[in-house]
Amino acid sequence: MRRDEAERGVEDRLATTVSAYPGLRVVTVPAQFLRLPDFATAAGGQRVLRGGRLPEVGDAADDVFGSVAELWRDAGCRVEDAAGLDGRLLVVHDPAGYLLTLTRHGADDPILAVASPPLPVPYLDRSLLGGLATGLAVGCLGPCVSSAGPSWVLPALAGSPVMYWAWVPLFALVAGVCLYRPETRRFGAGLLAGGGILGLAVAALFGG
């Protein structure tokens, strides 16, 4: 399965689940803040993960859980529904390998998450390689460009070796944004590795 196919499958199942109960809607939560059961994370590979909070459910939570469970049982999925003192967990095992979880802790909003089947990790990841190449270019040019910056920006530091380090905050901000977003995380990792190693070495060499 290709990643784009997995993404479509996840989005379709997310939309179908929301339609199981009238008035239900999802407030998107970044994938890095969603949690899957331990057995899912131990399966290996990478999963496309989407989901979020189901706000304003209130006392209808039991009905929502029941409607979601019925929907997916009728679709031929295996459904596990467990409730305890710390909350409730509904797990749907799709025959195609997708995994859906609906969790609620106390009176909090339920959290819906849909994960694709595990995807193989490619030996050469294009996003990672693209980030690495971009990082090497930034690491080479960043210190040089910032050292030659216009004197009116920081006139007191014009010509100072410190200017070789002036690019670092902007680079760190861009890399941080890329790492934060799931869809650009691998690019951000390559960018940080390539730019950080080469750029800091160049800045240290010329900037002292």
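The values are calculated or read from the model by the stated rules, or taken from the named source; none is laboratory data. Keep in mind that this is a model prediction, so the values were computed, not measured. Backbone-built Cβ (ideal geometry, glycine too); neighbour counts: all protein chains shown. Heads up: the accessible areas ignore ligands, DNA and RNA and are worked out on the full protein's heavy atoms, side chains in. Shrake-Rupley method; radii C 1.70, N 1.55, O 1.52, S 1.80 Å.
Summing charges over neighbours of V79, with a neighbour being any other residue whose Cβ is under 11 Å away from its Cβ, gives -3 when K and R count +1 and D and E count -1. Just the protein heavy atoms count here, and of the accessible area of region 12-99 at 1.4 Å, carbon and sulfur take up 51 percent. Rounded if a/c is under 1.5, else prolate if a/b is larger than b/c, else oblate: which is region 12-95, with a ≥ b ≥ c the root eigenvalues of its Cα gyration tensor? Rounded, because the longest to shortest axis ratio a/c is under 1.5. The residues neighbouring G58, those whose beta-carbon lies less than 14 Å from its own, together hold a net charge of -3 under the Lys/Arg +1, Asp/Glu -1 convention.
Among the trypsin sites (Lys or Arg not before Pro) within region 5-100, those in coil by DSSP and having at most 16 neighbouring Cβ atoms inside 10 Å are R25, R35. Ordered from highest to lowest accessible area with the whole protein assembly present and a 1.4 Å probe, D4, D108 read as D108, D4. Among residues other than R8 with Cβ under 13 Å from its Cβ, the summed charge is -1 (Lys and Arg +1, Asp and Glu -1).
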